[in-house]
Each structure stands twice: as structure tokens, then as C-alpha cells.
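Here the structure is laid out as C-alpha cells; the discussion comes afterwards.
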Amino acid sequence: MFKKEKDGLEDDNYNTEPEENEEPELTEEEKKAERAAYIKGEIIDWIKTIVGAALFAWFITTFIIVNATVPTGSMKNTIMPGDRIVAFRLSYTFSDPERYDICVFKYPDDESILYVKRIIGMPGDTVTIIDGKVYINDSKEPIPDEYIREPMLGSWGPYNVPEGHYFMLGDNRNESKDSRLWQNTYVEKDKILGKAIFKYYPSIESLANK
């Protein structure tokens, strides 16, 4: 039998091979393949994230909100040119539009264009404008107009609003192209996309009670 020395190896069966749990070093080709697989995985993850975000944004803007930039001054001083606003598409899902609501809707003379105005005439109303004052039906008193930019000039109407339709005016009435001037005077309910709830640029401000 082999007799071990005091400071030497225990026997000639000493194992010089790597332990079973020790991983062998990768070759250069294997390292390149591993890096390529990692990069591919990262790219796929980014694509999934971007596509998911795009689908989410599409869903929100198609079914929940209208995100619009107002290009004109027809709603001054409530909404200024360049203001960005959000309208809530679900506002009228379970209730009807109300007088004085600010709405985003399809322009009756060209439905590829979106307009934002204030509802003045409700279905069945007769709207008459005399010396800049707006009268509804047989009322002797004009409706409130504290939100308009300046006193309106002129007399218009009467307008008999059909059922299921609305009569719209801009708050800057002397410079607003609205129901008074359109070829198709009234806006159908199903062409109203949503109620304007706030503007978020250049400042954040609620439109709910304007």
C-alpha cells in the first residue's frame, strides 16, 4: 500500500480534473452567440413595450378621450389659440349633453374636421338672437353670457333646433364660425365626441364649470 508522506500528496489517485459543478470556460463563438441572444431578447422586450404602449394610447384616444389642439380664437377667453384640451368621450354615454357644455364634435359641414363650441340650443328649442342677446323659446330674459369675450353684435334667427340636435356658439361670438354661419346649422348628438373637461397646455385648468 502507498504510504503518504507528511507534507506530500495523500495518494496517486489525486483528481486534477475540474469538479463536476465547475462550468467549463466558453469559447469565443459561444460568447458571441450568448451576447447576440441577450441583445435579441432586449430588442424583443423593447418592441413589446412600444407596441403595448401604442395600443394602450390608441385605445385611450379612440374610446376614452379626445386630445385636441385648438387652432383658432373662436372660444376666447375660455380657450385660447394653441391651447391643448382633453374631452371625455364617455360623458354622454348615460346622459344627454346639457346647455352650456363645451363640446368637441364633428363639424357638420365637413366631418373630417373637429370643432369645439358651447351648447346653447337644446333639442326642441327655439333660439333667437336680438341685439347680441340670446333668448330661448318665449323667454323675455336672455340667457347668461358672463363667459363670452365681449358683447355680441347683431341679430340672428330664430332657429328651431330639431330633436336630437344642438345649436352651438363660440364664446368669442363676434369672431366665431358657429351654428349661425354653417350650411348645416345643427350638430347631431352622435356627432358630439365628448365634453371638454380640462386644458393641459400651456397651463392646466378645468373646463368643467366654465
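Among the residues of segment 53-96, those identified as under 18 Å from S206 (Cβ atoms), modelled with pLDDT of 95 or more, of a type outside the set (A, V, I, L, M) and in a loop (DSSP other than H, G, I, E, B) are K76, T78, D83.
Could you list, in sequence order, the residues of segment 73-84 that are crowded, with 17+ Cβ neighbours inside 10 Å and over 15 Å from F105 (Cα atoms)? Passing the criteria: G73, K76, T78, I79, D83. Filtering segment 154-161 for residues that are modelled with pLDDT of 95 or more, surrounded by 14 or more Cβ atoms within 10 Å (Cβ to Cβ) and under 19 Å from T72 (Cβ atoms) leaves an empty set.
Kindly establish whether N160 is of a type outside the set (A, V, I, L, M) and out of contact with any Ser or Thr (no Cβ under 9 Å at 6 or more places or on another chain). Answer is no for this residue.
Under the condition of being assigned to a loop (DSSP other than H, G, I, E, B), among the polar types (S, T, N, Q) and either in contact with an Asp or Glu (Cβ under 7 Å, 6 or more places away or on another chain) or modelled with pLDDT of 95 or more (or both), the residues counted in segment 165-210 number 6.
Screening E146 on (1) surrounded by 14 or more Cβ atoms within 10 Å (Cβ to Cβ); (2) out of contact with any strand residue (DSSP E or B) (no Cβ under 8 Å at 6 or more places or on another chain) shows it passes everything except condition (1).
The values are calculated or read from the model by the stated rules, or taken from the named source; none is laboratory data. These figures come from a predicted structure and were not determined experimentally. Using ideal geometry, Cβ is built from the backbone for each residue, glycine included, and neighbour counts are taken over all protein chains shown.
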